[in-house]
Each structure stands twice: as structure tokens, then as C-alpha cells.
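Input: a single structure, listed below in C-alpha cells.
The values are calculated or read from the model by the stated rules, or taken from the named source; none is laboratory data. Fair warning: this is a prediction, and the values are worked out from it, not measured in the lab. Cβ sites come from the backbone with ideal geometry, for glycine too, and all protein chains shown count toward neighbours. Calculation scope for accessible area: heavy atoms of the full protein, side chains included, ligands and nucleic acids excluded. Shrake-Rupley method; radii C 1.70, N 1.55, O 1.52, S 1.80 Å.
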Amino acid sequence: MNPNEHQLQYPWGDVQPEPGKAQAVADGVKWIRMPLPFALDHINLWLLRDELNGRQGWTIVDCGIARDEVKALWERVFEQELDGLPVLRVLVTHMHPDHVGLAHWLCERWNAELWMTMTDFMVASLWSSRRGGDGVGPGGQSAVDHFARHGLVDPASQEQIRQRANYYPGLVPAMPTRYTRILHGDQVRIGGRDWRVIVGYGHAPEHASLYAPDLRVLISGDMVLPRISTNVSVFDYEPDANPLPLYLRSLDGYADLAEDTLVLPSHGRPFKGLHARIAQQHEHHRDRLAEVLEACAQGPKSTSDIVPVLFKRKLDLHQLTFAMGEALAHLHALYFEGKLKRAQDADGIVRFTAA
């Protein structure tokens, strides 16, 4: 446990649901976990007891990726954890594959409704239909060119990225053709109680968290995580983005939540200490920005040069692409604030220097 984690409280300690099982964490709220084939090896998903259009049942919050083993675990959950009731609704916090990957299957399996923000529904629908590197979306040659401009020139790494043109549709093979839109400030009635929608930016286009005041429970998605910092990146499909200030401002959306709020994050363990964790995130990024600025003051730096400044551990390629995106997000935050200058050098690589 790192020092920051000692400031948080974990009501269930190290206990976590077994595969295909659920654990009650609040009145009408169950926690399940599904595997991921990455270094971050799990996602937390939530079952909310519900009544919709006069029918008793459940709302699922987030889905897991489209893999047969995840479907099999879901079937076990359906048999053992739903009290014989159906799934009425699937609510997705955002469009990343681990959250939306099985939305189509779940909605078809149960003839259930999909609820999402519009931006994330549209992006997921577009990207899931992308095959062979055609169209708008992440991965493939567009990603190779983007990372090459920022210093990732290793041919072997570039080829691996090139081969990932079908990464998103491989994990999100389809999307439902219709949905119900949720907006910031909406009160979504689930199981006789209102859950307030809190939209945040920087991590995903239009990320929705859910807060139930009477339970003092926040389903935070990826916006607030207990152990790791939320990934905030600049990728090829929006190469001039400036997401870090968007993310940090979005954290203000949780300022009025109760001090003893139970946070249900998408990764890691449920915890209390929301406001301490948000303060840690602000401090973390303030320190990382200072490190990046200091590095660039010593001479021109590409994004690839900044990765080891921010990440001290060895990274696999999947982690490296996110690290590149995150390093560029910090460089862009300083550039758009006027603290850095940037120029594309004769070798085609963009480098940043102190203004």
C-alpha cells in the first residue's frame, strides 16, 4: 500500500468478489469483478436493484470486454445473483472497451435498454464499426504516425501499433442501435432512489459518474480511482487536445458530495476518502507538471523523452502507448498555458522547450 492509500479507508479490506459472484456493498447495490487481459487485470461492475416501467429487476452499470470467458462469468452472475429477476437496463459510464464492450450482448440477451451520454454512445458506435484501419478511430497507421511525430521511432514498436488497427472493434464488436441519453445533472431513478449524473471530461469524451445522496454512494467509473491515477491522454484522433485541465476541473464536480461518501471505482477496491483522493490527484499532477517543465528547461524534449520522467517502471507496449498519451497531455497543458514552446524539427519530431 502506497502512502496515499493510507489516507483512504477500505470498508471491506482486501475482500473482493470471486469470479461470477457478487458482494453487497450498499442497499440494493452489488459489486462484481470481471477479468481484463492487461496489466490492469480487472474491472469492477455494479448491479443496482431496479424497477422500470412497472417491472422488477436490475440495472447493470458497465459491462466488461467482449470475450467468451466474460460472457460465461456473466451467465453465472445471472444464475446466482439476480434473485430470479431480469436485467432491465444497462448503464455505461463511458466508451472505453472494458466499460462498453458487452453492452450490445447484454442488451440483446435481456432485451434491455442502454443508457449513456450521447458523445460516448456515438464514439463507441463509430469506433466499433471500424475495421482494418479504415475510418476515424484509434490505432493502426494513424497511431503510428502520431507517436512517431512525438519520438516513438522504434520500428518493432511501430509495427505492433500498426497491427492494432482492430483493437477497439475487437473488444467492442457491436453497439446497440438505440439508447437513452443521460446528461450532467440528470436524476436517474433506479430502484426507487435518484442517482445524480456527474459528467466529467479529460479521461473520456463525456464520462458519467452516478451519486445516490441517500446512500452516500458514488459510482465513480474511471474518474476517481484509489490506487492509480486516471489516464488522461492525447491520442492520434485528437492530436491537439488539452485534456488535463478538463480532467482537473471535472473533479470539482464532486466537491459537494458527503465527506463519508463510499466510492465505487472501476478499478481497485471500494473506499472512503473521496475528497482526500481528489486532493491527491491535484497534487500528483501539479508535481508531474513541475517535473515536465524542469525537464524541458534543460533542453528540447520530445514526448518520448518525457515518458521516463513520468514513469520510472518498465512498460509493455500497451502501457507505453498510454504513457506516451499521458506525457503529451502534460506537455500540452504547459504549452497551452504558455509555459512551453513547441516546434517540429528537421527529423519530423515535435519537441518542447521552456517558453
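Observations, loosely collected:
- Note on the range 114-198: enclosed helices (runs of 4 or more DSSP H) holding 1 or more residues that are open to solvent by 20 Å² or more (accessible area, probe 1.4 Å) and within 30 Å of Pro308 (Cα to Cα) are 140-149, 155-162, 167-171.
- Residue match in the range 89-108 (condition: more than 19 Å from Trp31 (Cα to Cα), touching a Phe, Trp or Tyr at 6+ places or on another chain (Cβ under 6 Å) and not acidic (Asp, Glu)): no
- Only a single item in (1) open to solvent by 30 Å² or more (accessible area, probe 1.4 Å); (2) under 24 Å from His6 (Cβ atoms); (3) out of contact with any strand residue (DSSP E or B) (no Cβ under 9 Å at 6 or more places or on another chain) is not met by Leu289, and it is number (2).
- As for the range 46-56, it holds no residue that is part of a loop (DSSP other than H, G, I, E, B), modelled with pLDDT of 95 or more and surrounded by fewer than 17 Cβ atoms within 10 Å (Cβ to Cβ).
- Restricting the range 235-257 to residues that are of a type outside the set (A, V, I, L, M, F, W, C) and in a helix (DSSP H, G or I), the residue that is nearest to Ile161 (Cα to Cα): Pro243
- Of all the criteria given as (1) more than 20 Å from Ile306 (Cα to Cα); (2) open to solvent by 10 Å² or more (accessible area, probe 1.4 Å); (3) not in a strand (DSSP E or B), the one not satisfied by Val224 is (2).
- Of Leu320, Leu334, all but one fail to be within 20 Å of Tyr237 (Cβ to Cβ) and either crowded, with 20+ Cβ neighbours inside 10 Å or out of contact with any Asp or Glu (no Cβ under 8 Å at 6 or more places or on another chain) (or both); the exception is Leu320.
- Among the candidates Val292, Val263, residue that is in contact (Cβ under 8 Å) with a residue 40 or more places away in the chain, among the aliphatic types (A, V, I, L, M) and in a helix (DSSP H, G or I): Val292
- So His275, is it open to solvent by 40 Å² or more (accessible area, probe 1.4 Å), out of contact with any Asp or Glu (no Cβ under 8 Å at 6 or more places or on another chain) and modelled with pLDDT of 95 or more: no
- Conditions (1) open to solvent by 30 Å² or more (accessible area, probe 1.4 Å); (2) out of contact with any helix residue (DSSP H, G or I) (no Cβ under 8 Å at 6 or more places or on another chain); (3) assigned to a helix (DSSP H, G or I); (4) under 29 Å from Pro97 (Cβ atoms): number failed by Gly325: (1)
- All positions within the range 247-261 that are open to solvent by 10 Å² or more (accessible area, probe 1.4 Å) and either among the β-branched types (Val, Ile, Thr) or out of contact with any Phe, Trp or Tyr (no Cβ under 7 Å at 6 or more places or on another chain) (or both): Leu248, Arg249, Asp252, Gly253, Ala255, Asp256, Ala258, Glu259, Asp260
- Checked against the criterion of being assigned to a helix (DSSP H, G or I), more than 17 Å from the chain's Cα centre (by Cα), within 30 Å of Ile190 (Cβ to Cβ) and hydrophobic (A, V, I, L, M, F, W, C), the range 96-105 has at least one qualifying residue.
- The listed residues are His42, His96, and the only one of them that is within 25 Å of Gly140 (Cα to Cα) and out of contact with any Gly (no Cβ under 7 Å at 6 or more places or on another chain) turns out to be His96.
- Ala66 falls short of the stated requirement of being in a helix (DSSP H, G or I), closer than 30 Å to Ile182 by Cα and open to solvent by 10 Å² or more (accessible area, probe 1.4 Å).
- Against the conditions (1) touching a Ser or Thr at 6+ places or on another chain (Cβ under 6 Å); (2) open to solvent by less than 40 Å² (accessible area, probe 1.4 Å); (3) under 28 Å from Leu36 (Cβ atoms), Val232 satisfies every one except (1).
- All told, Arg33 falls short of being of a type in the set (D, E, K, R), assigned to a strand (DSSP E or B) and crowded, with 22+ Cβ neighbours inside 10 Å.
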